[in-house]
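Presented below is the structure to which this report refers.
The values are calculated or read from the model by the stated rules, or taken from the named source; none is laboratory data. Only a predicted model underlies this, so the values are computations on that prediction, with no experimental measurement involved. Here the Cβ is made from the backbone with ideal geometry for all residues, glycine too, and neighbour counts use every protein chain on show. Note: accessible area is taken over every heavy atom of the protein model, side chains too, but ligands, DNA and RNA are not part of it. Shrake-Rupley method; radii C 1.70, N 1.55, O 1.52, S 1.80 Å.
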Amino acid sequence: MRDEAEDKRHEVDPMTRHDASESLRTVPQAVTAPLTRAAIFLVVTIRPGLENRAILRSLCADLAALVRAVAFRDIEAALSCVMGFGSEGWDRLFGQPRPAELHPFREIHAEARHAVSTPGDVLFHIRAQRMDLCFELAMQITTHIAGAALSVDEVHGFRYFDDRDLMGFVDGTENPNGDAAIDATIIGEEDAAFAGGSYVVVQKYLHDLEGWNALSTETQELIVGRSKLSDIELDDSIKPTSAHSALTVIVENGKEVKILRDNMPFGRVSQGEFGTYFIGYSRSPRTIEQMLENMFVGRPPGNYDRLLDFSRAATGNLFFVPSATFLEDVADEPAAVATCASKEIPQSNPPMRDGSLGIGSLKGDSRNE
C-alpha cells in the first residue's frame, strides 16, 4: 500500500488537471477525414420560433449518436458528417461569443462574373464510401429537424473515375495530408475560445460542358494549368498567370497557405446539368476569400480565371465548423436566454448589413434576422 508521501507525489493540482483535460477533450469534427466515393451536401435555413431553435440545438448534441448508429451498418465505409453554421444561424442558435472570423459570405462582382451569396444557416457535409449510408444519415437528420428548418440546397456528389471533375481534370491534387492538413484547417490559439473549429466555404458551380469540350486539350490545359492526362502541373514558362492553378496559390510571409478541398462532381444528365460542388476547409476564411478574389476579379484585376468563362457559381456560403466537443456540449437554453431570444426579429424584410472586405469589387450583401 502506498504511503501518504507517495500519494502526494502523484496528486495533480486541480487547476492544472482542469487545464490539461480541457485541452485534451476538445476534439475537432471530421474535417480532415479521408476523401470518399460519395457525399451529400445539405444546406438548410432555420424557421423562426424558439421551438425551432431548440430542435436545431438538440440535433447538435445528438448528431454524433446518429452518425454512429448509421455507420455501424458498415464500419469500413467511413461515414462521417460535418455540421457548420452560417453567420445568422450562429447568432440565432448560440449568440455570443462568436467565432472571430465568422461573417456572411462576401459576394464578388466583376463584369459578367459573379460569386453569389445565397441563404444558408446550417451545412451538413455527409460523406462515405457508399451513397446509401449518406442517404440514410441525411434522412435521419432531416427527420430530426422536420418542420424546424427548410432545405435550400441538396447536392448528391460522386467520385468520377480517378478523382476527376466533369471537365476531365483531376481535382484536389494539392490537398495537404496528415499534420499539414490539421495545421491548414484547425483553429488554434489565434481564437482560443473556438480552438478545434474550422471554416468552410461552399459553392455550387454549373459547367457549360458543350463549350468546354469544344476547346482543344491544349487550350484546356493552359486554362487549368495542368496536363489533362498525367495531372502534372505545367511549367511556369508555359503556364499563363491566369491559369486556375496559378491564381489559387496564396503565399503569406514567403510560405504557401493551404486549404483542404473535398470537391465532388454532380449532375442530372437529362436536364443538361453538370457541375462541381466546391467545398474548402481552412483555418481562416481569408485564404479562400483571396482565392476567389484572384479568380473572379483577377491578379492583377482583369487577369481572371478563364474557367469562369465556362463555369457559373450558383450558390455561395461561409460556415463555421465548431469542434465536436462543442456540439456534444450544447444543452437546452436556460430560461433567461430563451426569454431574451424571444425578441428576435422575424426573418421577413430584414435590415441590410455591409460585410465588405473593402478591397477590389468584393462586397457583402447579407441580411440579419
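Inspect region 125-142 for any residue being among the hydroxyl-bearing types (Ser, Thr, Tyr) and under 23 Å from Arg57 (Cβ atoms) and give the result as yes or no. Yes, region 125-142 contains at least one residue that is among the hydroxyl-bearing types (Ser, Thr, Tyr) and under 23 Å from Arg57 (Cβ atoms).
The residues on offer are Arg286, Arg268, and the sole one that is surrounded by fewer than 22 Cβ atoms within 10 Å (Cβ to Cβ), under 17 Å from Ile108 (Cα atoms) and among the basic types (Lys, Arg) is Arg286.
Sub-6 Å Cβ pairs linking a first residue in region 269-296 that is charged (D, E, K, R) to a second residue that is assigned to a helix (DSSP H, G or I), at least 6 apart or interchain, are Arg283/Thr185, ordered by first then second residue.
In region 231-262, of all residues being touching a Gly at 6+ places or on another chain (Cβ under 8 Å) and among the hydroxyl-bearing types (Ser, Thr, Tyr), the one that is surrounded by the fewest Cβ atoms within 10 Å (Cβ to Cβ) corresponds to Ser245. Of all the numbered requirements in (1) β-branched (Val, Ile, Thr); (2) open to solvent by 10 Å² or more (accessible area, probe 1.4 Å); (3) part of a strand (DSSP E or B), Ile279 misses one, and that requirement is (2).
Every residue, every condition in (1) charged (D, E, K, R); (2) without any contact (Cβ under 8 Å) to a residue 24 or more places away in the chain; (3) touching a strand residue (DSSP E or B) at 6+ places or on another chain (Cβ under 6 Å), yes or no:
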| residue | (1), (2), (3) |
| --- | --- |
| Gly120 | no, no, yes |
| Gln129 | no, no, no |
| Phe135 | no, no, no |
| Met139 | no, yes, no |
| Ala146 | no, yes, no |
| Val152 | no, no, yes |
| Gly157 | no, no, yes |
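If you filter region 185-230 down to residues that are charged (D, E, K, R) and without any contact (Cβ under 8 Å) to a residue 40 or more places away in the chain, you find that the one that is surrounded by the fewest Cβ atoms within 10 Å (Cβ to Cβ) is Glu189.
All of Leu150, Leu215, Leu206 fail the test of being more than 24 Å from Arg98 (Cα to Cα) and within 21 Å of the chain's Cα centre (by Cα), apart from Leu206.
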